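Only one structure is covered here, and it is reproduced in the block below.
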Amino acid sequence: MKIIKTALAASLVSLLGVSSAQAQLSNNEVRIGYLADMSGIYRDLGGPNGLEALRMAVEDFGGRVNGQPIRILSADDRNSPDVASSTVRQWIERDNVDMVQGLVASSVTIAATRVMNGTNTLGLVNGSAASSITNEHCTPNHIHWAYDTYPLAHGTAAAILAEGGQNWFILTADYAFGHALENDVRAVVESQGGRVVNTVRHPLATNDFSSYILQAQASGAQVVGLANAGSDTVNSIITAGEFGLTHSGQTVAALLLFLNDVHALGVETAQGTQLVTGWYWDMNPEARAWADRFYARTNARPSMVQAGIYSSTMHYLRGVEATGSDRAADVRAWMAENPINDMFAQGGYVREDGRMVHDMYLARVKTPAESTGPWDLYEIVRTIPGDEAYRPLADSVCSLVNR
C-alpha cells in the first residue's frame, strides 16, 4: 500500500509539473520565426533548406513541448536590416514569436538582435559570420551558434602564413561581416610578422570582379584573401582563375567558403583550397546519418549553417521542455548550463558572451581523383579545439563578460 501511495504521489507531482510547465508557455504554444535570405546571394547557406532543417528539428522533437504545439513562421529578409527589424518587431508584437532562428547577413542580424534585446526575445544566430555579434554587439538575448570570423581568419590565415604567405591583399565585402573578417585577418597577419599591402572593398552581390582582381594582381601580394561569402566568393574565385592569379604564383585564400560554394565551383576549380569550417556532413557517423535524412528531403547535402539550425533548435526546445518556460532569460540560462552533444558538436557549450564554443576544422578540398561523388568534397586536415578556435574572453569587449 505504501508503494502504491508513493507511486500515486509521484505521478501527481509529475502531472502537476507538466501542468505548471504548460501554464508558463505563452499563448499555449512555442512560436519560432525563421528569418533568412530566401532568394538572394545567401539563399544556399540557410534559405529554404535551412527552413527544412528547422522543420526536421521540430518533427524530431515530436511537434510539441510539454503537450503544447510548436508553430513556425518564416520570412525573407532580402539582406536588408530595415526589413529584418520590421519583420522581427511585427513577429514579436503581433504574432508573439518566442524565438527567431536563421539570421544570415551580419548587418541583418545586428539589426534584428537589437529589436530582440529590447523586447526580451531570444535569437539563435547560425548564418552570420561577424565575430562582433558576440563581442561589441553582444546582448543577453541571442546566441551565436555555428561559426564566426575569428576562427575562420585565424585558422586559414595561420595555415597560409606558416607556408610562407606573408604579404596579403584583402578583397572585402563592404558591410559588417566583411569588415569583421578583414580586421580579424589583418590582426593574424600582422601579429605573425606579415603585412597587408592593400585592401579593396566591393558592394554586396557584385557581378563583375574584374577590376578588383586586376588590382590584386597588380599589388604583387603573395596572398589574395577573399573576405566575402556566397556568390561573391564564387565569382571572385572564378575571375581570379580567368586572370591566372594562381598560375602567376599568387595564392587565393577563400576565408569563408561554404560546402555549396565548393559544390558550385567543382573540385576541378577548387581543388587544394584550404578552409576552416564548423561542421562537415561526412565528418563522422552521426553527422552522416543526419545528412542522409536531410538529403532525402532536399536532394542536397547540408551546409554547416543548416546543421547549426537543427542543432540549436533542438537544444532550445530541450530548454523549453526542461524549464517549462519560453521566456528568453529562462531558456538561454538553461542552454548555457547544459552541454551540446549531438550530430553537430560534442562537448559544445554556451559562454557568457553568447558564443557557442565547439571544435572547428581545417579542411582541404579534394582533387578530382580523390572525390568519389559530387558532394565528396573535403578532407578534414585537423581539428581546432573550441577553446583555441574562438576569441578568448580576456580579449572580449562584450558587456556580459565578467572581468
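Quick check on the chain: helices-only [θ] at 222 nm, where DSSP H runs of length 4 and up contribute -39,500 (n - 2.57) each and the sum goes over total residues. Nearest 500, please. Could you put the intermediate results ahead of the total?
Values: 14 runs with 178 residues, N = 403.
After summing the helix terms and dividing by residue count, I get -14000 deg cm²/dmol.
What's the angle, to the nearest 10 degrees (0 to 90), between helix 176-191's Cα axis and the longest principal axis of the chain? Taking the Cα atoms of the chain, the angle to 176-191 is about 60 degrees.
Pull out the extension gain between N120 and D82, defined as 0.36 nm times the separation in residues minus the alpha carbon to alpha carbon distance; nm, one decimal. Don't skip to the end; give the middle numbers.
On the way: separation 38, 0.36 × 38 = 13.68 nm, distance 1.95 nm.
Extra length from N120 to D82 when fully extended: 11.7 nm.
Between N284 and D387, what is 0.36 nm times their sequence separation minus the Cα-Cα distance? Round to one decimal in nm. The N284-D387 span can extend by a further 35.0 nm. Scanning residues 5 or more positions from H202 or on other chains, those with amide H under 5 Å from its amide H are T172, A173, D174, with H placed 1.01 Å from N in the peptide plane.
Determine the relative contact order of segment 93-222: mean sequence separation of Cα pairs under 8 Å and six or more apart, normalised by residue count, in whole percent.
On the way: 191 pairs, mean separation 27.8, N = 130.
That works out to 21 percent.
Protection proxy ranking of 246-259, 220-233, 191-204, by the mean of other Cβ atoms within 10 Å over each peptide's residues and highest first, is 220-233, 246-259, 191-204. Taking amide hydrogens as placed 1.01 Å from N in the peptide plane, the amide H of G33 sits under 5 Å from those of L73, D98, M99, V100, Q101, each at least 5 positions away in sequence or on another chain.
Most tightly packed first, judged by the mean number of other beta-carbon atoms within 10 Å of their residues, the peptides 373-381, 337-345, 53-61, 30-38 read 30-38, 53-61, 337-345, 373-381.
Work out, step by step, the length gained on full extension between R201 and D292: first 0.36 nm times the residue separation, then minus their alpha carbon distance; give nm to one decimal. Write out the running numbers ahead of the final one.
Values: separation 91, 0.36 × 91 = 32.76 nm, distance 3.87 nm.
Answer, rounded to one decimal: 28.9 nm.
In terms of the mean number of neighbouring beta-carbon atoms within 10 Å, the peptides 71-81, 86-96 order highest first as 71-81, 86-96. Cα centroid distance between segment 143-172 and segment 255-272, in Å? Here the answer is 17 Å between Cα centres. Note: relative contact order over segment 19-107, using C-alpha pairs below 8 Å and six or more positions apart, is 46 percent. Using θ = phi - 60° in the Karplus curve 6.51 cos²θ - 1.76 cosθ + 1.60, the 3J(HN,Hα) couplings for segment 192-199 round to 10, x, x, 9, 8, 7, 6, 10 Hz; x is entered for Gly and Pro. For the chain, carbon and sulfur atoms together expose 48% of the accessible surface, with a 1.4 angstrom probe and every protein chain in place. Rounded to the nearest 10 degrees, the angle from helix 47-60 to the longest Cα principal axis of the chain is 30 degrees. Using alpha carbon centroids, what distance separates segment 326-379 and segment 97-133, in Å? Centre-to-centre (Cα) distance: 18 Å.
If only the Cβ of Lys and Arg carry +1 and only the Cβ of Asp and Glu carry -1, the dipole of the chain around its Cα centre is close to 920 debye.
Residues whose amide H lies under 5 Å from that of I384, counting only those 5 or more places away or on a different chain, are M360, Y361, L362; hydrogens are built 1.01 Å from N in the peptide plane. Modelled this way, with points 7 Å down the Cα-to-C-beta line, the labels at L73 and Q215 are 4.2 nm from one another. If you compute Cα extents along the principal axes in Å for the structure shown, which of (i) 66, 49, 37; (ii) 53, 44, 44; (iii) 85, 44, 40 do you land on? The listed entry that was calculated here is (iii). Our summary gives the chain a relative contact order of 18 percent, counting only alpha carbon pairs under 8 angstrom and 6 or more residues apart.
Rounded to the nearest 10 degrees, the inclination of helix 230-242 to the longest alpha-carbon principal axis of the chain is 20 degrees. With all protein chains kept in place, the per residue accessible area of the chain amounts to 39 square angstrom at a probe of 1.4 angstrom.
The values are calculated or read from the model by the stated rules, or taken from the named source; none is laboratory data. In this text the structure is predicted, and so the values were computed from the model without any measurement. Note that we place each Cβ from the backbone using ideal geometry, even for glycine, and neighbour counts take in every protein chain shown. The accessibility values were calculated without ligands, DNA or RNA, using every heavy atom of the protein model including side chains. Shrake-Rupley method; radii C 1.70, N 1.55, O 1.52, S 1.80 Å.
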